Each structure stands twice: as C-alpha cells, then as structure tokens.
Amino acid sequence: MGLGAYIAVSAVLFAIGVVCIVSRRNMIYVLMGIEMILNAANINFVAFNRFNGDAMDGRMFAIFVIILAAAEAAVALGIVLNVYHLFESIKPSDVDLMRD
Amino acid sequence: MDKLQKPFYALLGVVTLGLIGWGASSAGAEGVAFGFFTALTIGGSLVCVWERSVVRSAFSLMATFTGVAGLFLLLGADFLAVAQILIYVGGILALILFGVMLSPPDMAERKLSRVLGGLVLMLGAVAWVGSKVAGTVAWATADELPEPSTKVDEIGVGFLDPEGYVVPFELAAMILTVALVAAVYIARRKASDLNDPRAEESA
C-alpha cells in the first residue's frame, strides 16, 4: 500500500470527525469527534514517517499527540461534568451564560 | 425504530467487502489487512456519527481506535500500535463512557438531514482539496522501503537524547501532571461549591 492510500484514510477519518463535532447536539460527541481528528493526524504522522526513510520524528510526534489526547480527554470530561452540574444539560447550545 | 438502520449497515458491509477485495487485488495479503483495518476505522467512525445512542457510538469508537492501531502495525510502528490500544481503547474510551452517564436518552437528538448533509459536504470538500493536492504535490516516497525498526529502545533514546526530544518530553510530563491534577480538582468539586450566577441573579 502506498502513501496515498493511508493519507486518503486519514482524510476521510478527519472529515467524519468534523461532522461528528458539528452535526450532533451533545458534548460527548464533540469529545469523540476530537479523538477521531487526532487519530487522523496520527495516521498522517506515522505514514509520512514510514515513507520518508527511517527517521523517528513522525513516530515521536504521534506519541506526543497521544499524550496530549489523554490529558485533553481527562480535562474535557471534568469540564463536561461541571457543565452538567451547572446547566443540567450537556447540549452545547444550552451553555449560554455569557449571552445576556 | 429507524427505517434506514438496516440499509445503513448493509451498505457498511458491502463497502467493507469492497475495500478488502480492492486491497486483495492491488497488494495481496497486505492489501487485505489494509482494507480490513481501513473498513474498521472508517466504518467505526461512521457508526459513531450515525447511531442515536451514546453507548453504541462510544463502543463503535472502539472499532475506530483498533483499526487505527492496525494501520500503525502495517506501517511498522509496533510500539505505537500497542500504545494506541492501551491509551485509547483502555483509557480514553473508558473516560468517554463515563460521560455517557451524563446524557439523558434523547432519541430525537440526531437529525438525519444534518448528519447526512454534513457528511456529503465534508467528504466533498476533502475530495476536492485532495484532488487539488494530489495533482500538485509530488509525495516523497522511497522506492524501496527500509525495514521498519521495531526497537522500543530507539524511542526511549529519542526521548532522552539531548539532541532529540528531551525538552518536549519534560514538557509533556509537566502538562500531564498539571492536566490530571486539574481534571481531578475540577471534577471532584461538589455542585454546592459552584456559585451559580443564575441563582445569584434571582436572589
């Protein structure tokens, strides 16, 4: 399989992740969409690393992305918990404290 | 029950078989594995967008993460594949499943027009940009791929080598500490500790 096939997979995964964030009215889906987008970026990193000789850089970047994704998921869940306590809802459109 | 549920899954199955067949015809056994993992990745994420119930979406995300781990394996990044399964399937997915407890069952939340419209728009945009990029960029591809190095100690040396990634490594350690302590602190606060601005307004 060539580089193009992996990039195509990653592009499609990215697109579906964006749709997941935009089209659903639930913060949990926003988190899931973010994870999909990060995974798509990771596929790109590793694929370019593989097809550009034997440097390690792409894989290191992918590891850092995974580390940050773990931290992000933990913080995001904490925020979602608090939003639920405050608004009794996790619809993004219900979080409108600063509107008025 | 959703009328389109069966056609959707039938279509997913057909696309999976098509991908595996295409892989088999173009690259043999490796192509079959590629087609399978691609179908797992894309199919899992499609089911995640499609399904009404958050639990089903979260579990279909497991297929996506496993498929990505398989693609990492095909790309010769064994350590990353294992880390992917450990962290994503074992950790992040469990975190997301915690969030499931927060979302009341709302069967009208998914609007099919929004999901399908978004999919068509985004995939069209990606295809358009992809065709432009593929027409102009010459990918740097080695004609003969080197054997992937699968040694874990290379990653460790890369992390601790002063010429390598020791500063980002320390930064990542600090970010993880701060983020996890902060996450625990935020999540453990009781509802009574939060001052609700709406309550103050009415008082």
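The values are calculated or read from the model by the stated rules, or taken from the named source; none is laboratory data. What you see is a predicted model; the values in this text were computed from it and never measured. No Cβ is skipped: glycine too gets one built from the backbone with ideal geometry, and neighbour counts run over all protein chains shown. These accessible areas exclude ligands, DNA and RNA; they are computed on the full protein's heavy atoms, side chains included. Shrake-Rupley method; radii C 1.70, N 1.55, O 1.52, S 1.80 Å.
With the requirement that a residue be small (Gly, Ala, Ser), within 21 Å of A:Ala47 (Cβ to Cβ) and surrounded by fewer than 22 Cβ atoms within 10 Å (Cβ to Cβ), what does the range B:2-38 give you?
Of all residues in the range B:2-38, those small (Gly, Ala, Ser) come to B:10, B:13, B:18, B:21, B:23-29, B:31, B:33, B:35.
Filter again for within 21 Å of A:Ala47 (Cβ to Cβ), leaving B:23-24, B:26-29, B:31, B:33, B:35.
Hits for the range B:2-38 are B:Ala24, B:Ser26, B:Ala27, B:Gly28, B:Ala29, B:Gly31, B:Ala33.
Among the listed residues A:Asn82, A:Asn42, A:Asn52, which satisfies the condition of being closer than 24 Å to B:Val100 by Cα and either polar (S, T, N, Q) or at pLDDT below 90 (or both)?
Details: A:Asn42 fails: closer than 24 Å to B:Val100 by Cα; A:Asn52 fails: closer than 24 Å to B:Val100 by Cα.
Just a single option satisfies the conditions, and that option is A:Asn82.
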- Task: Please find, within the range B:138-157, the residue that is farthest from B:Val82 (Cα to Cα) out of those that are modelled with pLDDT under 70 and open to solvent by 80 Å² or more (accessible area, probe 1.4 Å).
- Result: B:Asp143
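If only one of B:Leu119, B:Leu97 is facing another protein chain (nearest Cβ under 7 Å) and within 21 Å of A:Val18 (Cα to Cα), which one is it? I'd like the intermediate steps shown before the answer.
Values: B:Leu97 fails: facing another protein chain (nearest Cβ under 7 Å).
Criteria check complete, one pass: B:Leu119.
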- Query: Within the set of pairs 6 or more residues apart or between chains, which connect a residue that is in contact (Cβ under 8 Å) with a residue 12 or more places away in the chain and within 19 Å of B:Leu74 (Cα to Cα) inside the range B:10-31 to a residue that is among the β-branched types (Val, Ile, Thr) and assigned to a helix (DSSP H, G or I) with Cβ atoms less than 8 Å apart?
  - Reply: B:Leu19/B:Thr38; B:Ile20/B:Val32; B:Gly23/B:Val32; B:Gly23/B:Thr38
- Within the range A:38-67, work out how many residues are touching a residue at least 24 places away in the same chain (Cβ under 8 Å) and closer than 30 Å to A:Ile90 by Cα. 7
- Query: Restricting to helices (runs of 4 or more DSSP H) lying wholly in the range B:1-110: which have 3 or more residues that are modelled with pLDDT of 90 or more?
  - Reply: B:5-50, B:54-74, B:78-84
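If I filter the range A:11-53 down to residues being aliphatic (A, V, I, L, M) and more than 7 Å from chain B (Cβ to nearest Cβ), which single residue comes out as farthest from B:Arg114 (Cα to Cα)? Let's see the steps before the verdict.
Step one: of the range A:11-53, the residues aliphatic (A, V, I, L, M) are A:11-13, A:15-16, A:18-19, A:21-22, A:27-28, A:30-32, A:34, A:36-38, A:40-41, A:43, A:46-47.
Subsequent filtering for residues that are more than 7 Å from chain B (Cβ to nearest Cβ) retains A:21, A:27, A:30, A:34, A:37-38, A:40-41.
Values: A:Ile21: 11, A:Met27: 16, A:Val30: 15, A:Ile34: 18, A:Ile37: 19, A:Leu38: 23, A:Ala40: 22, A:Ala41: 25 Å.
Only one residue tops the list, namely A:Ala41.
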- Of these, B:Val82, B:Val54, B:Val120, which one is of a type in the set (Val, Ile, Thr) and open to solvent by less than 30 Å² (accessible area, probe 1.4 Å)? B:Val54
